[in-house]
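J.: Before we start, here is the structure in question, set down as structure tokens.
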Amino acid sequence: MIDEQQRRAYLDAMQVTTWLPRVALPFAAPSRPELLAVAAPAVEPPRRPRPAAPGPAPSAAAPGAVSPPQAPTPTPTPATPRKAPVVPLRPAAEPLPAKAVEETPAAPRREPAPRFALQLLRAGNCLLLVELPTGEPFAGRDPAYRLLKDLLRAADLPDSPRPLGEPIRWPLIRGNREFDQGPAAARGYVRAVLQGQLEQEAAACTWLIGTPAARFAGDQDAPPVCRELDLDGLGVAWSLPGLEQLMEAPPLKAELWQSMRRARRRWTSEA
């Protein structure tokens with residue numbers, strides 16, 4: 001139920017000046033007595049009959065003649081005052097709740113594509129995945145390539161490794177933002193290339209030279225250096241520092257030599 005002030009505002013808007021509720025309304029002002037008094041219906045006075053037009057004098061009625069009956073004068077019906085119809089008030093319709101806006105799930109944020117260049121080589125019964133310091137294939141006079149030849153001779157492996165295909169450069173498609181080229185995609189691609197080479201020709205051990213080689217061939221973002229790793233589906237691998245890192249930090253060569261003495265049993269006949 002609504003209060004008296006709002007009720008009167010609704011009645012004024014509907015141009016209803018007089019109304020009577022069917023039941024007692026709560027919070028309503030008391031009714032005025034003059035509105036409840038029912039006025040007596042006004043009765044119109046009977047109309048006088050019009051005088052007859054002058055005409056010839058009626059002749060004497062013949063004896064035994066019967067006069068025609070006169071029509072009764074109609075009695076006027078008293079007019080009944082019309083009452084204003086009482087329009088029942090309807091409660092104000094509650095506003096419909098606004099539909100919740102369905103939030104579009106945000107697309108997962110892509111990680112930036114890593115940048116690296118790796119060369120796949122084969123030396124004897126070992127597979128080498130080497131980080132290219134300059135991004136270009138090795139040349140005979142490159143200091144990094146001469147250091148790699150020294151490492152192969154120290155490991156009793158052929159010092160002229162055979163390149164297998166073109167270098168692996170990442171991002172694979174440069175300038176393409178629609179194609180996901182994050183770390184997970186890079187890892188899947190590098191492992192697929194290694195697995196394809198191992199299926200063509202098995203290897204006793206895979207050298208992972210440089211942080212990108214060890215990171216994207218394995219499943220760790222920060223793999224240990226100078227350690228043997230067990231790659232799921234790719235066999236045993238040996239992680240080495242990058243060639244440029246070895247040239248800039250000579251103390252690493254001693255740690256590398258100690259690790260090579262433990263790992264060389266995998267590609268040689270030494271027990």
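The values are calculated or read from the model by the stated rules, or taken from the named source; none is laboratory data. Quick caveat, the model's predicted, so the values are computed rather than measured. Cβ atoms come from the backbone with ideal geometry, glycine included; neighbour counts cover every protein chain shown.
J.: Among the numbered criteria (1) surrounded by 18 or more Cβ atoms within 10 Å (Cβ to Cβ); (2) in contact with a Leu (Cβ under 7 Å, 6 or more places away or on another chain); (3) aliphatic (A, V, I, L, M), which single criterion is violated by LEU229?
T.: The single condition LEU229 does not satisfy is (2).
J.: Also, I was wondering about something else. Considering only region 125-174, state which residues are assigned to a loop (DSSP other than H, G, I, E, B), in contact (Cβ under 8 Å) with a residue 60 or more places away in the chain and closer than 17 Å to MET247 by Cα.
T.: PRO133
J.: If ALA263 satisfies every condition in (1) assigned to a helix (DSSP H, G or I); (2) crowded, with 18+ Cβ neighbours inside 10 Å; (3) within 49 Å of the chain's Cα centre (by Cα) but one, which is the exception?
T.: (3)
J.: Could you say which residue among LEU194, LEU152, LEU129 is buried (at least 18 other Cβ atoms within 10 Å of the Cβ), more than 26 Å from ASP232 (Cβ to Cβ) and in the same structural domain as ASP221 (by TED's automatic domain parsing)?
T.: LEU152
J.: Does any residue of region 227-240 turn out to be of a type in the set (S, T, N, Q) and at pLDDT 95 or above?
T.: There is at least one residue in region 227-240 that is of a type in the set (S, T, N, Q) and at pLDDT 95 or above.
J.: Has region 149-163 got at least one residue that is at pLDDT below 95, out of contact with any helix residue (DSSP H, G or I) (no Cβ under 8 Å at 6 or more places or on another chain) and hydroxyl-bearing (Ser, Thr, Tyr)?
T.: no
J.: Do the conditions hold for PRO212, that is, is it in a loop (DSSP other than H, G, I, E, B) and within 16 Å of GLU131 (Cβ to Cβ)?
T.: no
J.: I've got another one for you. Is region 166-180 home to any residue that is farther than 22 Å from TRP238 by Cβ, assigned by TED's automatic domain parsing to the domain that holds ARG215 and crowded, with 18+ Cβ neighbours inside 10 Å? Lay out the reasoning, then the answer.
T.: Narrowing region 166-180 to residues farther than 22 Å from TRP238 by Cβ: 166, 169-180.
This time we only want the ones that are assigned by TED's automatic domain parsing to the domain that holds ARG215, so: 166, 169-180.
Okay, now just the ones that are also crowded, with 18+ Cβ neighbours inside 10 Å, so 170.
Taking every residue of region 166-180 in turn, at least one turns out to be farther than 22 Å from TRP238 by Cβ, assigned by TED's automatic domain parsing to the domain that holds ARG215 and crowded, with 18+ Cβ neighbours inside 10 Å.
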